Amino acid sequence: MKLLKVFVFILCVVCVSTPLVFAICNGNNSVDGGMSQTNASNDPYSSEDFAKCIEERDQLLENKDYRKAFSYLRTLCEKYKDSESCNLTYSTYFAMQEDSVNVSPSDQNITLYEVLYYLDLGCKLNNYDSCIKAARLYEYGSKPGASSQVKGYNVAYDAQEAKKYYKRVCESVSDNAMDACSRVVELSRQNSNVPLADSFVDNLVKKLN
């Protein structure tokens, strides 16, 4: 009988806590049933909530539930300023494409430009992997007239934007700093009609040579 009571108690805890964690990690500060605040201090984004969201995010990614995981990544990136979650939106987006071959991008309601938004947030939080990914999306984006260009689901080629992100990495202590500097110089050479801070590029050329 005691064992049954313990089992029922655990079941109740799981049933109550799961929707609460889901609500918190999807940017909602309240759930049905009169539970309005996530903690006693009225701070909707406590360190305890953060840890639960990270745990749930990792579990969802492990289980390949990419669509739900992406909603957790949104909140962790925007609300909790977790730069790694911002960075993970990139790989999760592409994993979602591979996992949903028969689902068109429009049905998924997530575009590469949304991913770029989160990568930009991650880059501003000094996650240099996010900067590199954003730079590459612009560097290898579709050029005007490309048959693969689909509005919102293929990023347009933009050398200036690519250089902006590479420059941030170039000026950092990242292991990829030297490679990023090389890309700034190369893109400047390819697009010499649209110069980027000539003195900056000139100094890079001297450094790289």
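The values are calculated or read from the model by the stated rules, or taken from the named source; none is laboratory data. Nothing here was measured: the structure is a model prediction, and the numbers come from that model. Every residue, glycine as well, gets a Cβ built from its backbone with ideal geometry; the counts of neighbours run over all protein chains shown. When the accessible area is computed, the model is the full protein with side chains, heavy atoms only, and any ligands, DNA or RNA have been set aside. Shrake-Rupley method; radii C 1.70, N 1.55, O 1.52, S 1.80 Å.
Of the residues that sit in region 67-100 and are more than 15 Å from Ser47 (Cα to Cα), aromatic (Phe, Trp, Tyr) and over 8 Å from the mean Cα position of the chain (by Cα), which one is surrounded by the fewest Cβ atoms within 10 Å (Cβ to Cβ)? Top of the filtered list is Phe94.
Can you find even one residue in region 84-93 that is modelled with pLDDT of 95 or more, in contact with a Cys (Cβ under 9 Å, 6 or more places away or on another chain) and among the aliphatic types (A, V, I, L, M)? Checked against the condition, which is being modelled with pLDDT of 95 or more, in contact with a Cys (Cβ under 9 Å, 6 or more places away or on another chain) and among the aliphatic types (A, V, I, L, M), region 84-93 yields at least one hit.
Close contacts from region 50-70, counting a first residue that is at negative phi and a second that is open to solvent by less than 40 Å² (accessible area, probe 1.4 Å) and outside any helix (DSSP H, G or I), with Cβ to Cβ under 6 Å and a gap of 6+ residues or different chains, come to Phe50/Tyr80. Considering (1) part of a helix (DSSP H, G or I); (2) open to solvent by 70 Å² or more (accessible area, probe 1.4 Å), the lone condition that Lys64 does not fulfil carries the number (1). The single condition from (1) open to solvent by 20 Å² or more (accessible area, probe 1.4 Å); (2) closer than 30 Å to Asn109 by Cβ; (3) at pLDDT 60 or above that Lys151 fails is (3). Listed conditions (1) modelled with pLDDT of 95 or more; (2) of a type in the set (A, V, I, L, M); (3) over 22 Å from Tyr128 (Cβ atoms) are all met by Val101, apart from (1).
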